[in-house]
Structures are given as structure tokens and as C-alpha cells.
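Heads up, the thing below is written out as C-alpha cells.
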């Protein structure tokens, strides 16, 4: 796969996915002027638009949509700053020395290294993308992608606070999440195909000021791209959040095998941030501890917002394969750990 | 995506964050209080990035332009003057969109306009009665249910967050609330089949993880749905303690309408 480096010349065109070339050149004026005109019209029609959109259900939807986007943006900025720094400032040789050469050994190292990334899952996607672009074995980067949002100290502390008097819940979450991340890393090392991963193509930078310009260009590109996909994830999650009534789910809580699956699916559709999911899990009192554990293990690894973000960073072919296998592995690990620990 | 459009988008996203967190309190409707410094910081980073992109574009234009006496003071006016249309035939290496970025730039980024416009134009209100009506009361069993609750503070009426009142009402076997006058703040919620609840939402990260608390209010006529009220009353044991999904009750002496609090969540 092609490695992006700030100093290489233009990427060969064949490396890019077969999308339509940017129409910007033809309608050079269009986009920006349309944007400004549209903004003006909307600002003038403000009152009318607001009146039109005032319905309780739509209000709740818009609030959750904005909340998800606003909440995720600082973490996305953090993630893309780290990713751009890896791309522009960390020499590739450093990462090569830091990780074992053998992917099978690099996976556990990278998985455990997830402890150091503070924050929730939105930050880890661009960081993993940056690592792969910098030549880190995808299997290791993906183990990091899955483990970082689940096992960092902030999330584990939040879990301990949400389940007071149940330290075994924190332990179970740590073990099940780490196990899922490592299994996925090894599965990728064994069966993953490089062509599923879309090579990261970033803009080449003007040669003005070297590293700083490279950093800025990578940051801008990564942020705009991930946040665009974040909006898709936010739209989906907000819709499901408002449409799926949680009461209906409580009816399914009594069935032992089903309740784990129900909670895992709920984690996928609700797309709650990994720092908060423990509190949501704690409030779903009707479910068994293992079912709630499934909510906390699956949530930071597979949810509608993350699938959108992964599609943006790694491509669609990757996102659906990876997410569906991760879901299955996470449910199995949860069931096993829940049976042993809880 | 043209570099000017990218710059505009970055500045708009940053401005939206700063609008919510720095210039107004609107962020409290969507996210937890402690996120504010991070919102401000990322807003500043994005605005700076957008402006840096603009100055970089201007610098390229300056270099491309004839060696006229382009002084630093004129940069702003030149950006406005020439920013819209890039001169054709400029050297490829300076054009880092369109060409160097053959897959059309992150055109997906246009979607950012959706949240930006929603924030500035719709300005969605905090979650309230609609969400609470469609949620059940589920107060997780706290650790202190076994070990015992700490003594309540002094004060008459005792000001308590609704969530704290509920936890004690449902899980405190020593019944520390018994006979204490408490003051609770929340919004009114009609109860199916008559009567009403006082309700409040709590959030941990953002509005997507809101959890509903409700207390049945007895002895006072129901205020309009969604209106904010302060209720003073005494806990009314209704046999619904010690189990999940219980809804405690309060025998109210008075309920006063109040303006919506700055932070709508607990």
C-alpha cells in the first residue's frame, strides 16, 4: 500500500479511488458563491425556518443531532491533531523501532498502548488512520483503534463511578474490550487483505515551509473528512435515538440469551460516547450485568457513528467487513468474560 | 473542494463552537458543563486553521502575481479581491486541491453545513418534556443502598437535586427522607390518567445519553407541560421503594413557576 509522506511528490492518480474528478474546476465559481448566497437566504428566512421546524419530536431530534456533533468535535480535533503530528513530525523509523516487526507481536503492544489515548472513540479513528499511513502494520493499528476508546483510564474511571460497589464490572470491561481488540488484530494479521483498506491519500503540500505546512495540510484534510462522516453518523444516531423507544427494549430484557444481543444492538444504534456509556448502561436496570457489559464493550468499537467515521478514513469495503466481524467477536468475548467474572 | 470553501467551512465550524461555548451558554443544552474549555480550544484551533489557510492562499497568490509592490498591509484586501477566482495556469505544485487531491477533496465535508446551520438557525432547545414523556424512571441501585446513606444536610426546606431525592426515596432503607421538607426543581410532566410528575434529565457527556428522573407530585394542581417549577413538599412513601422502575411521590405544599435554569440538566 502506498505510504503518504509530506515530502513525496504528487500521488499517482491511479492510487485514488475511481471517483468522479472534482467538479470544482468546471463550476469554479459555483460552490463558494452558492454557499454564501444560501447562508444569506437562510439568515433572512430565519424566523420562517424556525417556525417551520418547531415540533417537539423534531426539536428533540435536532438537539440530539447537534449534541452528538458538538460533543464529538473536540475529540475529533484532538484525534486529527495527533494523526497529523504522526504524519508530519514523527519519523517513520521511530514507529518501526517502537513496535515489534512481527504483526502478531505488534498487536498486543498496540492494543495495550490504547491506554494512553484519553477520550472517546471519535479520536481514535483518525489516529489509527495516521498510524497506517505512516507504515504501522494495519493489524496493530486496528487493535489500537478498538482498544483505545474502551480501556483508557478516563473511561474505566467513569465505569467505576457508574457502577459503584462493582469493581468486577470495570475488570470485566477491561478484559473483554482488550480481548476483542487483540482477537481482531490477529484476525486481520491472518486474514486481512490490504486492498480492503483504502490507502490514505492526503493532499500534497506546497513546499513553502516544510513540516509545518505538511502538518497543517494533514490536519485540515483529516478534520474535514472525518467531520463530514461524523455528520452522517450524527444524523443516523440522532434518528435512532429519538425513534427507538427504550421501553420496548425493556420487554426483551428478561430473555437471557437475547438480552445480550439486544444490548449490543442498542449500543450500535445509540452511539453513546464511550465516556458516558457506562452511565447509560447503569440506568438500564432491567438488564443482566452481562447484557450491560455487552453494551459497554460493543459501543466503543461498533456504532453507527463509528462506522461512518471508519468509512471516511478507511473506505466502505473495510468499514462494513471490519464492523460486522468486530460486533460478533465483541459479543462472544463479552459472553465469555461475563460468564467468568460477573 | 476549493481551498476558499475549505477555509470558510473551517472558520464556520470553529465559529459555531465558539458561539455555543464562549459567547453564549447555549452549549449547556447539548453537552456537559466540563466540556466548555475543550469546545473553546477546538473552536480556536479550527478558526486559526481556516485563517491560516486563507493567508497561505493569499501568499501563493502574491507569489504568483507579478512582482508588484505587494505589501503586507494589502493582504486582507487582496484576499477579498482575488480569493474568489484562482488565476488559471498557476504552477501545479502550489495548487493543493483539485489537482494534488485527485479524489475531489473531502467533499463530504459539505455536510458540516447541516450542524452549523442547525446551530445558528434552528438553535434547538434543551431536551425536556418530550424526551421525559417517552422514558421510564430507572434509578440505578447505588452502592450506598447496602452500606447506608450519609446523613442529609441541614436546612428547611432542604434543597435537593431531583436525582438525589429519587435515589434516597427508592433505595434508602433507613428512610432518611421521612418527614423532611425538601425543595426540588424540574419541569412539569402530565401523568397518564391524571396528576403530574416533576421531572429532570441528567446527562453525562451529551444529550444523547440523557437519563430521565420523575417524581409524582400530589396535592397541587398540574402546571402546563414543560413549564419549570420549584416544588416544596414532603416525601410520601407509596410502597414503591426498593425496586427498579419505581416512581416516588411527594406531598407538595406549594409549586412555584420559575424561569428555566441556566443549565437545564442535573
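The values are calculated or read from the model by the stated rules, or taken from the named source; none is laboratory data. Just so it is clear, the structure is predicted and the values come from calculations on it, not from any experiment. A quick note on method: Cβ atoms are made from the backbone with ideal geometry, for glycine too, and the neighbour counts reach across all protein chains shown.
For region B:154-172, how many residues are in a loop (DSSP other than H, G, I, E, B) and without any contact (Cβ under 8 Å) to a residue 24 or more places away in the chain?
Taking region B:154-172 and keeping what is in a loop (DSSP other than H, G, I, E, B), we get B:154-157, B:160-161, B:172.
Still in the list and also without any contact (Cβ under 8 Å) to a residue 24 or more places away in the chain: B:154-155.
Matching residues across region B:154-172 total 2.
Among the candidates A:278, A:335, single out the residue that is modelled with pLDDT of 85 or more, facing chain B (nearest Cβ under 10 Å) and touching a helix residue (DSSP H, G or I) at 6+ places or on another chain (Cβ under 8 Å). It would help to see each step written out before you state the result.
Details: A:335 fails: facing chain B (nearest Cβ under 10 Å).
Matching residue, one of A:278, A:335: A:278.
If you scan region B:139-153, which residues turn out to be away from chain A (no Cβ under 13 Å) and not in a loop (DSSP other than H, G, I, E, B)?
Across region B:139-153, there are no qualifying residues.
For residue A:170, are the conditions met, namely being crowded, with 19+ Cβ neighbours inside 10 Å, part of a helix (DSSP H, G or I), modelled with pLDDT under 90 and on the phi < 0 side of the Ramachandran plot? Outline the logic, then answer.
Values: crowded, with 19+ Cβ neighbours inside 10 Å: yes; part of a helix (DSSP H, G or I): yes; modelled with pLDDT under 90: no; on the phi < 0 side of the Ramachandran plot: yes.
Taking the combined requirement at face value, the residue does not satisfy it.
Here are A:239, A:313: which of them is at pLDDT below 90, buried (at least 19 other Cβ atoms within 10 Å of the Cβ), within 14 Å of chain B (Cβ to nearest Cβ) and out of contact with any strand residue (DSSP E or B) (no Cβ under 8 Å at 6 or more places or on another chain)?
Working: A:239 fails: buried (at least 19 other Cβ atoms within 10 Å of the Cβ).
Going through A:239, A:313 in turn, just one is at pLDDT below 90, buried (at least 19 other Cβ atoms within 10 Å of the Cβ), within 14 Å of chain B (Cβ to nearest Cβ) and out of contact with any strand residue (DSSP E or B) (no Cβ under 8 Å at 6 or more places or on another chain): A:313.
Among the residues of region A:281-310, write down those that are within 19 Å of residue B:139 (Cβ to Cβ) and within 11 Å of chain B (Cβ to nearest Cβ). If you could, list the steps in order and put the result at the bottom.
So in region A:281-310, the residues within 19 Å of residue B:139 (Cβ to Cβ) come out as A:281-289, A:291-292, A:295.
Answer for region A:281-310, where residues must be within 19 Å of residue B:139 (Cβ to Cβ) and within 11 Å of chain B (Cβ to nearest Cβ): A:281, A:282, A:283, A:284, A:285, A:286, A:287, A:292.
Is it fair to say residue B:51 is in a helix (DSSP H, G or I), over 16 Å from the mean Cα position of the chain (by Cα), surrounded by fewer than 18 Cβ atoms within 10 Å (Cβ to Cβ) and more than 10 Å from every other protein chain (Cβ to nearest Cβ)?
Details: in a helix (DSSP H, G or I): yes; over 16 Å from the mean Cα position of the chain (by Cα): yes; surrounded by fewer than 18 Cβ atoms within 10 Å (Cβ to Cβ): yes; more than 10 Å from every other protein chain (Cβ to nearest Cβ): yes.
Against the criterion (in a helix (DSSP H, G or I), over 16 Å from the mean Cα position of the chain (by Cα), surrounded by fewer than 18 Cβ atoms within 10 Å (Cβ to Cβ) and more than 10 Å from every other protein chain (Cβ to nearest Cβ)), residue B:51 qualifies.
Any residue in region B:143-158 that is crowded, with 16+ Cβ neighbours inside 10 Å and in contact with a strand residue (DSSP E or B) (Cβ under 7 Å, 6 or more places away or on another chain)? Quick ask: steps written out before the conclusion?
Here is the first cut: in region B:143-158, the ones crowded, with 16+ Cβ neighbours inside 10 Å are B:145, B:149, B:157-158.
Narrowing further to those that are in contact with a strand residue (DSSP E or B) (Cβ under 7 Å, 6 or more places away or on another chain): B:157-158.
Within region B:143-158, one or more residues are crowded, with 16+ Cβ neighbours inside 10 Å and in contact with a strand residue (DSSP E or B) (Cβ under 7 Å, 6 or more places away or on another chain).
Which residue is surrounded by the fewest Cβ atoms within 10 Å (Cβ to Cβ), if the candidates are limited to region B:159-171 and must be away from every other protein chain (no Cβ under 11 Å) and within 19 Å of residue B:229 (Cβ to Cβ)?
For region B:159-171, the residue satisfying everything is B:159.
Just the residues that are more than 8 Å from chain B (Cβ to nearest Cβ) and at pLDDT below 85, please, taken from region A:203-221. Talk me through it step by step, then tell me what you get.
Looking only at region A:203-221, we keep the residues that are more than 8 Å from chain B (Cβ to nearest Cβ), and these are A:209-212, A:214-215, A:218.
Passing the criteria: A:209, A:210, A:211, A:212, A:214, A:218.
One line per residue, one yes/no per condition, for (1) at pLDDT below 85; (2) over 30 Å from residue B:4 (Cα atoms); (3) outside any helix (DSSP H, G or I):
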site: B:102; (1), (2), (3): yes, no, yes
site: B:115; (1), (2), (3): no, no, no
site: B:119; (1), (2), (3): no, no, no
site: B:132; (1), (2), (3): no, yes, no
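Yes or no: region B:173-189 includes at least one residue that is modelled with pLDDT under 95, within 14 Å of another protein chain (Cβ to nearest Cβ) and not in a strand (DSSP E or B).
no
What's the number of the only condition in (1) modelled with pLDDT under 50; (2) at the interface with chain A (Cβ under 7 Å from one of its Cβ atoms); (3) in a loop (DSSP other than H, G, I, E, B) that residue B:127 fails to meet?
Only one criterion in (1) modelled with pLDDT under 50; (2) at the interface with chain A (Cβ under 7 Å from one of its Cβ atoms); (3) in a loop (DSSP other than H, G, I, E, B) is unmet by residue B:127, namely (1).
Have a look at A:77, A:115, A:107 and point out the one that is over 15 Å from the mean Cα position of the chain (by Cα) and either in a loop (DSSP other than H, G, I, E, B) or crowded, with 24+ Cβ neighbours inside 10 Å (or both). So that I can check it myself, show each step before the final result.
Values: A:77 fails: over 15 Å from the mean Cα position of the chain (by Cα); A:115 fails: either in a loop (DSSP other than H, G, I, E, B) or crowded, with 24+ Cβ neighbours inside 10 Å (or both).
Just one listed residue meets the conditions, A:107.
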